[in-house]
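Worksheet: the structure to be examined is printed underneath.
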Amino acid sequence: MKVIFQVPEGFVFHPVIRANDAEPGSERIAYVISRIDLRGDALPEGPALRDLLPRADFDVSAALEKVRPICEAVHHRGDAALIDFAEKFDGVRLEQVRVPAEALTKALEELDPAVRAALEESIRRARLVHREQRRTNHTTQVVPGGSVTEKWVPVDRVGLYAPGGRSVYPSSVIMNVVPAQEAGVESIALASPAQAEFDGLPHPTILAACALLGVDEVYAAGGATAVAMFAYGTESCPPANMVTGPGNIWVAAAKRYFTGKIGIDAEAGPTEIAILADATADPVHVASDLISQAEHDPLAAAVLVTDSVELADAVERELEPQVAATKHIDDRIVPALKGRQSAIVLVDGVGEGLKVVDAYGAEHLEIQTADAAAVADRVRNAGAIFIGPWAPVSLGDYAAGSNHVLPTGGCACHSSGLSVQSFLRGIHIVDYTKDALAEVAHHVVTLAEAEDLPAHGAAVKARFGWKVPGSK
């Protein structure tokens, strides 16, 4: 088998192939998950270590050129372009882009009571966590007569996106809407792709979630067209100040296209899980958690970092029957586990494992080791951390109270997940008296002149009758 990583000398790469039971003398490959052996030598630092780790190919730059004409068509043709693109991409001809209010009401009325109860509990828990993230105004008295106040102001209008491709994500509705509402955003709109099987409406569970949250401005628009609708505005949808929410590469490319025109949360890439585990971990749990991320998408990343060869072997043995027993095997799970983005990484110890997961910067990081809380406390780079055997990523996806809109592709080293803070702007209010300005005026003038910006200093001098060039 071809090795898909260029591994420097001293490190070993092992592709691991497992086969289903079949007739004697025959073998059928069920999946492939690679091993990267980083034991035995000191780990490299920084980018050199990151380059050893698995990651999906996700070329937003290439996609950018394809979304450009789509975005500009929405700019110039508005709703008509959205309707044409829904027919082209979603296979349904819309009569209107905005979802009628009665469709939201109907979706909630017809929602399975068990699903409604689960959504309501997810909303309740998310509100508990996100309400605590609210910021309060604070005034710092810098000197007598001189203060700086920081006040927090929500953006005026946001456009939220809930994907609707391979799966339906009412949970993403919650994860977008709740922090925006708790931040105090007054105007909230949500878009999700049109579905041919539902007469051009977004999936009814998406609509029901919107109704539960009190969001009545919903649009049947998907991918780059939804982002363009929010960025430019159309006849039916006023423009937004900000767009948030997960999505595919076309959503990420459209967000990049509009960077500078609107605010965005992040350019989300394929979902990923990293599990740092030692010999104390249960291989059944580890295998099931890897599979749970692999079922999102063929580009989803499933990475196990461990210092236990025995655990690695046990997880490989456990993957096969669990994969065989689940859904979405051929179109998502097997390609995800086979892909260059997934691997078992062997390290010499938990300390080395921490270096690896920090270099990787996973969207979701599980710690399944002895003293997992203490190990988790040492992690610096992760979108969200899940501690111990009873906090799987799927809990965070739905009902932990945390947010599941998280940085991907290693961006956790500099970015956070979606929160109330995402929708707030901090504004400094400077209030100085004449005496307070006089005390520091000579420093302001000195620094202005050091930067060769004399007019800056002159603006201070003029207030005190100091000689200003050109004045009488």
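The table below lists the values:
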item: Surrounding net charge for GLU109, when Lys and Arg each add one and Asp and Glu each subtract one, Cβ distance under 13 Å; result: -1
item: Zero-based 10 Å bins, Cα pair distances in segment 380-441, whole percents; result: 18, 31, 18, 12, 14, 8, 0
item: Stokes-Einstein D for segment 253-329, Kirkwood Rh over Cα pairs, 37 °C, 0.692 mPa s (µm²/s); result: 229 µm²/s
item: Stokes-Einstein D in µm²/s, Kirkwood radius over Cα pairs - the chain at 10 °C with 1.306 mPa s viscosity; result: 64 µm²/s
item: Charge-dipole axis of the chain as Lys and Arg at +1 and Asp and Glu at -1 on Cβ define it, positive-most pick from GLY269, GLN141, LEU53; result: GLN141
item: Fewest-first ranking of TRP250, TRP466, using other Cβ atoms within 10 Å as the exposure measure; result: TRP466, TRP250
item: FRET efficiency, HIS138 to GLU439 (Cβ-Cβ, R0 25 Å, nearest 0.05); result: 0.65
item: With eigenvalues of the C-alpha gyration tensor scaled by 5 and rooted, segment 72-159, Å; result: 42, 26, 10
item: Least to most buried among CYS71, CYS413 (fewest other Cβ within 10 Å first); result: CYS413, CYS71
item: Stokes-Einstein diffusion coefficient of segment 38-104, Kirkwood radius over Cα pairs, 4 °C, 1.567 mPa s, in µm²/s; result: 79 µm²/s
item: Per principal axis, descending, Cα span of segment 419-472 in whole Å; result: 53, 26, 19
item: Mean separation of Cα contacts under 8 Å, 6 or more apart, over the residue count of the chain: relative contact order %; result: 19 percent
item: Computed log₁₀ I(q)/I(0) - Debye formula, equal Cα scatterers, no solvent, segment 138-205, q 0.13, 0.18 Å⁻¹; result: -0.53, -0.75
item: Difference of contour (0.36 nm per residue) and Cα-Cα distance, ALA48 to GLU120; result: 21.4 nm
item: Dipole moment magnitude, nearest 20 debye, segment 282-400 about Cα centre, only Lys, Arg, Asp, Glu C-beta charged; result: 280 debye
item: Environment charge at SER394 (Cβ cut-off 12 Å; Lys +1, Arg +1, Asp -1, Glu -1); result: -4
item: Cα principal axis extents for segment 159-238, largest first, Å; result: 35, 27, 18
item: Reachable lysines from LYS434, criterion Cα separation under 23 angstrom, eight or more residues apart if same chain; result: LYS461, LYS467, LYS472
item: Using a Förster distance of 25 Å, the FRET efficiency for ALA325-ALA196 (Cβ separation, nearest 0.05); result: 0.20
item: Packing-based exposure ordering (other Cβ within 10 Å, fewest first) of THR271, THR136, THR433; result: THR136, THR433, THR271
item: Principal axis dimensions, segment 209-275 - Cα atoms, whole angstrom, descending; result: 44, 32, 17
item: Partners for LYS66 among lysines (Cα-Cα distance below 29 Å; same-chain residues under 8 apart left out); result: LYS88, LYS255, LYS261, LYS338
item: Counting all C-alpha pairs of segment 18-176, share separated by more than 21 Å (%); result: 77 percent
item: 5 Å binning of all Cα-Cα separations within segment 197-342, expressed as whole percents from 0 upward; result: 2, 9, 14, 14, 14, 13, 11, 10, 7, 5, 2, 0, 0
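No lab work stands behind these numbers, since they all come straight from the coordinates. Values in this document were obtained by computation on a predicted structure and should not be read as measured data. No Cβ is skipped: glycine too gets one built from the backbone with ideal geometry, and neighbour counts run over all protein chains shown.
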